[in-house]
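Structure first, then comments.
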C-alpha cells in the first residue's frame, strides 16, 4: 500500500508539472497536440486568416543571458503555407541561436521532423534596413498542418532593457511571457495596448509573468509610424536606483545634472581646443564659415562607430589608445559617434560660440515619453549651437550627415539640453521638403517603334543623399552600383536597361549625391495606328500603388518632408510632330503639392513633374482625403502625349 501511494503521488506530481501554466519548455520536449487543433479549418476571431499562432511562449533569463522561444502555427489556407519558411533574426558576433528543433504535424496527426539545413542570410526590409537571420524550411507543410519550432537565443553582451512584443503578424490564440531579471539592478516596467482582458505583468517570486489570449494580428501598412510603437507590448527598464515616488520634473533635473557633469568633464580642455581651432579657422572667417570649417574637420576624423565589426585579433593589432577627453580625441584623430560630437562641442566653444550638449531620442523604433522616466530612451546625442539668434543642431558623429542637417530619426524629437542646473527640454528642428529632393533629369530619344534611349541624371540632396550613403557604407563598389541601378529600374514600369556611368561620391558628407546613367526602355510608347501614345510620367511606377487601399488602420507617417522633381526631354523621330498634350496640373494643398506641365518644344516633348510632401504624420480620419488626392495624381500621371508622323 505504501508503494502504491508513493506511485500515485509521483503520477500526480508529474501531471501537475505538465499542466503547470508557467512550465518552462526544455530543449527536448514538445507540448501535447489538441485533436481539435488538428481538425480546425478556420478561426472565428480571425476570419479569413491564412494561418494563426495556436501558441507562443517567450522565457527570458537576464541572469543567464539567454532566452528560449516556442511557436506553434496552424496553416489554414494555401497562402498560409508560406509560414513554413521561418526566419530567426539575430545580431552576428553578439547572439547565438542554438538548440533549434522544428517539426510538421500533418492533418492526420503524423509527424515530419525537420532535419534539413539552417542557412544564414541578410534580409533587406523597407528603407534599406538590413539584418541577419537564420532561415530554414519545414517539411511537408499542407493546408491543415500544424508547424512548430523552438530554440534558445544566448548573447554575450550586457543585458539591455527587454521588451515583450505581444502583437505578431498572425492572430495569436494563446501566449505566455516570462522574465527572470538581472539581480544587480532594479527593474520596473510599463505596458501599452494590451489586448482586452489581459492582466498586466505581475511578479511571481523572482519572475515577472504575463499571459494573453486572442491577440489580433498586426497589420503592416505603407508609410506608418514605427511598428513597435503601435504594437501591444511591455517595456522593461533597468536602473541603478529608482524611486517610484520621484516627481518627473525632479527626476529629469537630476538626470540632466549628472549627464552634464560627465560631458563637461570630458569637454573641459579649453587650451587644447583653442590650439586645435587655430589650425582650422581663420580670424576673418564669418561665424557661419567658422562653423562649417569646424564641422567638416570633425567629420574628417576616423569614426569607429560606423566601421565593420573587427575580430579580437584585428582589434588587438590596432592597439587603439583610449580617448579620455576631447584632447585625446583630437590627438588620436578618431572617436566614436558621441566623442566626435563632444569634440565638435569643445571646438565651437573655443571658437566663441554658445553651445550645449543635447540628449535626444531617435524616433525610428519608439517615440519618447518623458513620463516613463527612462534615460535610455534618450539614446543619441547632438550639439545645439546658437548663432544669429537661431538654434542650430549638429551631429557630426553620424557619418555622411551634411552640414546643417541631422539624420532623419533625430529630427523633430524631444531632447534634454544639458547644463549645470539640470537643463530643460528642447525640440530638434525639422528640414523642409525642399531640403531633401530626388531630382531626375532625362534627355531621351524616341524611335518609330516606341523605344526610348538616352541619359538620366539623378541628384539626391539632403537626407535623401545621407540615407543612401549610410545604407551602402559597408558595401563594395559593385554593390553600390547595383543598388543605384536597381532603384532606377524600380521607378520605371516594364524592363529598363540601366547602367551607372559615373562614380558617385559615396564617402562624402556633401549635401548632394549624383548618379549618371545610360537609360533604355523597350516599347515605352504605344503605337496605335499611325500614332503613338507617350506616358507623361516616366519614373512613377512605385507611386501607382500609393494609398490604394480604401481602409486605413494606422496613421500616415513620413520619415521626413521630401520632394521628387522630374525634367524629361523626349526627342521625337524625324518628321514626327505632337498632335495633342494633356492639360497642366497644379494642385497645391500646402502640406502636399503636385505640379505637371507638358510642352511642345518643336520636335521635343518637355515634361516637368513635381511632388512635394511637407508633413510628418496624418491622422487616420484624414486618410480618405489623402487617398483621393493621390488617386487624382495617379490619374494625371496616366495621361498621354499623342504624336504622329508628318507635318
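Please work out which residue is farthest from residue 62 (Cα to Cα), limiting yourself to region 154-167 and to residues that are surrounded by fewer than 21 Cβ atoms within 10 Å (Cβ to Cβ) and touching a strand residue (DSSP E or B) at 6+ places or on another chain (Cβ under 6 Å).
165
Out of curiosity, is residue 290 within 28 Å of residue 420 (Cα to Cα), touching a helix residue (DSSP H, G or I) at 6+ places or on another chain (Cβ under 6 Å) and buried (at least 19 other Cβ atoms within 10 Å of the Cβ)?
Answer is no for this residue.
Go through region 339-372 and report how many residues are without any contact (Cβ under 8 Å) to a residue 60 or more places away in the chain, surrounded by fewer than 17 Cβ atoms within 10 Å (Cβ to Cβ) and not in a loop (DSSP other than H, G, I, E, B).
The total comes to 1.
When you go through 234, 263, 277 one by one, which is the residue that is in contact with a helix residue (DSSP H, G or I) (Cβ under 7 Å, 6 or more places away or on another chain), closer than 24 Å to residue 370 by Cβ, at pLDDT 95 or above and crowded, with 16+ Cβ neighbours inside 10 Å?
Going through 234, 263, 277 in turn, just one is in contact with a helix residue (DSSP H, G or I) (Cβ under 7 Å, 6 or more places away or on another chain), closer than 24 Å to residue 370 by Cβ, at pLDDT 95 or above and crowded, with 16+ Cβ neighbours inside 10 Å: 263.
Test residue 353 against the criterion of being modelled with pLDDT of 95 or more and touching a strand residue (DSSP E or B) at 6+ places or on another chain (Cβ under 6 Å), and give yes or no.
Yes; evaluated as a whole, the condition is true for this residue.
Does at least one position in region 276-289 carry a residue that is within 31 Å of the chain's Cα centre (by Cα), part of a helix (DSSP H, G or I) and either at positive phi or in the same structural domain as residue 378 (by TED's automatic domain parsing) (or both)?
Looking through region 276-289, none of the residues is within 31 Å of the chain's Cα centre (by Cα), part of a helix (DSSP H, G or I) and either at positive phi or in the same structural domain as residue 378 (by TED's automatic domain parsing) (or both).
Would you check which residues across region 47-75 are farther than 19 Å from residue 100 by Cβ, surrounded by fewer than 20 Cβ atoms within 10 Å (Cβ to Cβ) and in contact with a strand residue (DSSP E or B) (Cβ under 9 Å, 6 or more places away or on another chain) and list them?
49, 50, 63
For the subset of region 317-338 comprising residues that are touching a residue at least 60 places away in the same chain (Cβ under 8 Å) and surrounded by fewer than 18 Cβ atoms within 10 Å (Cβ to Cβ), which member is nearest to residue 417 (Cα to Cα)?
So, considering only residues that are touching a residue at least 60 places away in the same chain (Cβ under 8 Å) and surrounded by fewer than 18 Cβ atoms within 10 Å (Cβ to Cβ), the one nearest to residue 417 (Cα to Cα) is 337.
Here's a check for you: in region 380-390, which residue that is exposed (fewer than 15 other Cβ atoms within 10 Å of the Cβ) and touching a residue at least 12 places away in the same chain (Cβ under 8 Å) is nearest to residue 424 (Cα to Cα)?
386
Can you tell me which residue within region 86-108, out of those that are out of contact with any helix residue (DSSP H, G or I) (no Cβ under 7 Å at 6 or more places or on another chain) and part of a loop (DSSP other than H, G, I, E, B), is nearest to residue 53 (Cα to Cα)?
106
Looking at region 45-76, which of its residues are under 19 Å from residue 218 (Cβ atoms) and not in a strand (DSSP E or B)?
Selection gives 45, 46, 47, 48, 49, 50, 76.
Can you work out which of the residues in region 515-529 that are touching a helix residue (DSSP H, G or I) at 6+ places or on another chain (Cβ under 9 Å) and at pLDDT 95 or above is nearest to residue 467 (Cα to Cα)?
The qualifying residue nearest to residue 467 (Cα to Cα) is 515.
In region 588-606, which residues are within 34 Å of the chain's Cα centre (by Cα) and surrounded by 14 or more Cβ atoms within 10 Å (Cβ to Cβ)?
Passing the criteria: 591, 592, 593, 594, 595, 596.
Looking at 454, 529, 450, can you tell me which residue is surrounded by fewer than 21 Cβ atoms within 10 Å (Cβ to Cβ), free of Cβ contacts under 8 Å to residues at least 24 places away in the same chain, closer than 28 Å to residue 635 by Cα and over 29 Å from the mean Cα position of the chain (by Cα)?
Answer to the check: 529.
Please go through region 568-603 and give me each residue that is farther than 17 Å from residue 634 by Cβ, part of a strand (DSSP E or B) and in contact (Cβ under 8 Å) with a residue 24 or more places away in the chain, ordered by number.
Hits for region 568-603 are 568, 569, 570, 571, 576, 577, 578, 579, 580.
Against the condition closer than 26 Å to residue 486 by Cα, in contact (Cβ under 8 Å) with a residue 60 or more places away in the chain and not in a strand (DSSP E or B), how does residue 559 come out, does it pass?
Taking the combined requirement at face value, the residue satisfies it.
The values are calculated or read from the model by the stated rules, or taken from the named source; none is laboratory data. If you're wondering where the values come from, they're calculated on a predicted model, not measured in any experiment. In this analysis, Cβ positions are derived from the backbone assuming ideal geometry, glycine residues included, and neighbour counts consider all displayed protein chains.
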